[in-house]
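Novice: Okay, here's the structure, questions in a sec.
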Amino acid sequence: MSRPPLPPFTPETARLKVRAAEDAWNSRDPHRVALAYSENSAWRNRDRFFAGRAAIVDFLTHKWATEHEYRLVKELWAFTHDRIAVRFAYEWHDDEAQWFRSYGNENWLFDSRGLMAQRHASINDVRISAHDRRFLWNLDEVRPADHPGLSVSGL
């Protein structure tokens, strides 16, 4: 199985890879998201380290059971032959209706099939009020093409 676009990346294919990842994560479907990763993909997410698609599905299932109304925006930061760096922000609320905006950076390494073999994520959460939210598109859709990205939004 391959997951185009494949390395080596160009500016255009790196942007496409980032947007495809954003759209998949915004589906909040752990099984769909996990298919973008190699069978033994190694992850570091905040203070958690794990590997493999089953662990990815378990992690994402728990994540989206606690991070409600999750909406994510990713932006290409840099890329090389088989690596992409992104910055991102996502908004969500907890069980007590407290909203957060989580900011982070990810470093991705891809195999020759275009599957992510490594994902290293650093993330910080900031409490926000409901009226400070910026990611307001329909929860059942991907981010609209005319919705501003992070740089345009000043995030």
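Any read-out appearing in this document is the output of simple, stated calculations on the displayed coordinates, not a laboratory observation. Bear in mind the structure is a predicted one, so any value in this text is a computation, not a measurement. As a convention, Cβ positions derive from the backbone with ideal geometry for all residues, glycine included, and neighbour counts pool all protein chains shown.
Novice: Which order do S102, S129 fall in if you start with the one that has the fewest other Cβ atoms within 10 Å?
Specialist: Values: S102 17, S129 8.
Fewest to most other Cβ atoms nearby, the residues stand as S129, S102.
Novice: Please label the shape of segment 17-69 as rounded, prolate or oblate, based on the square roots a ≥ b ≥ c of the eigenvalues of the alpha-carbon gyration tensor (a/c under 1.5 means rounded; beyond that, a/b larger than b/c means prolate, else oblate). Can you show the working numbers first?
Specialist: On the way: a/c = 1.59, a/b = 1.11, b/c = 1.44.
Oblate, because a/c is 1.5 or more while a/b does not exceed b/c.
Novice: Within a 10 angstrom radius of the beta carbon, how do W64, W137 rank from fewest other beta carbons to most?
Specialist: Sorted ascending by nearby Cβ count, the order is W137, W64.
Novice: Report, in deg cm²/dmol and to the nearest 500, the calculated mean residue ellipticity at 222 nm for the chain, where each DSSP H run with n ≥ 4 adds -39500 (n - 2.57) and the sum is divided by the residue count. Before the final figure, lay out the partial values.
Specialist: Values: 4 runs with 39 residues, N = 155.
The helix-only estimate for the chain comes to -7500 deg cm²/dmol at 222 nm.
Novice: On to the next question. Would you kindly derive the ³J(HN,Hα) couplings of segment 86-96 from the backbone phi angles with the Karplus curve 6.51 cos²θ - 1.76 cosθ + 1.60 (θ = phi - 60°), listing them in order in whole Hz, with x for Gly and Pro?
Specialist: Per-residue couplings from phi come out as 10, 10, 8, 9, 9, 10, 6, 10, 8, 5, 8 Hz.
Novice: As I understand it, the value is the acute angle between the Cα axis of helix 11-26 and the longest principal axis of the Cα atoms of the chain; what does it come to in degrees, rounded to 10?
Specialist: 50 degrees
Novice: Separate question: In what order do E75, E106 fall by count of nearby beta-carbon atoms within 10 Å, going from fewest to most?
Specialist: Details: E75 18, E106 21.
Taking fewest neighbouring Cβ atoms as first place, the list is E75, E106.
Novice: Continuing with the same structure: Measuring from centroid to centroid over Cα atoms, what is the spacing of segment 1-38 and segment 90-124 in Å?
Specialist: First find each Cα centre; the distance between them is then 13 Å.
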